[in-house]
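Shown next, in structure tokens, is the structure this report addresses.
What follows is calculated from the coordinates using simple rules that are stated; it is not laboratory data. Keep in mind that this is a model prediction, so the values were computed, not measured. Cβ atoms come from the backbone with ideal geometry, glycine included; neighbour counts cover every protein chain shown.
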């Protein structure tokens, strides 16, 4: 019986290593195929874009030519919407306006009509819009409409504003 004990220990160790490799590969595969969904929902500001959890999406006026100017501490407060897999246009969003851009850290940030998309850490529940109109990290943050404009721009254009 004692001759089998080393084999059992060896087989148990080998099984643990194989399980660890499979779990790691599975997690890496899941991260690689992480998709992002952007949809439109009604809010007190009109129709706005939200992520798959119903959290409001924002654009940063400091971003230029589809490049994010929000990194480091800024990206901690305004997390970019990241996708490493397929993009999905939910109800009210236009698939033709969805895209991605490469961030400084190498991750793919979702864009809408060329605007990099962000969430706001103070929006802890679906439907919250606490970041609308804030001036933070050197620029203004606005909700984004299904047309791809800041809500402020969308409302002034539809009401015959200046």
(request) Rounded to whole Å and sorted largest first, list the principal axis extents of the Cα atoms in the range 72-158. (result) 36, 31, 24
(message) Quick check on packing: order 55-62, 79-86, 39-46 by the mean number of other C-beta atoms within 10 Å, highest mean leading.
(response) 55-62, 79-86, 39-46
(request) Run the quick spin-label model on residue 136 and residue 95: label points 7 Å from Cα toward the beta carbon, then report their separation in nm to one decimal. (result) 3.3
(message) If I model a spin label at residue 43 and residue 104 as a point 7 Å from the Cα along the Cα→Cβ vector, what separation in nanometres do I get?
(response) 2.6
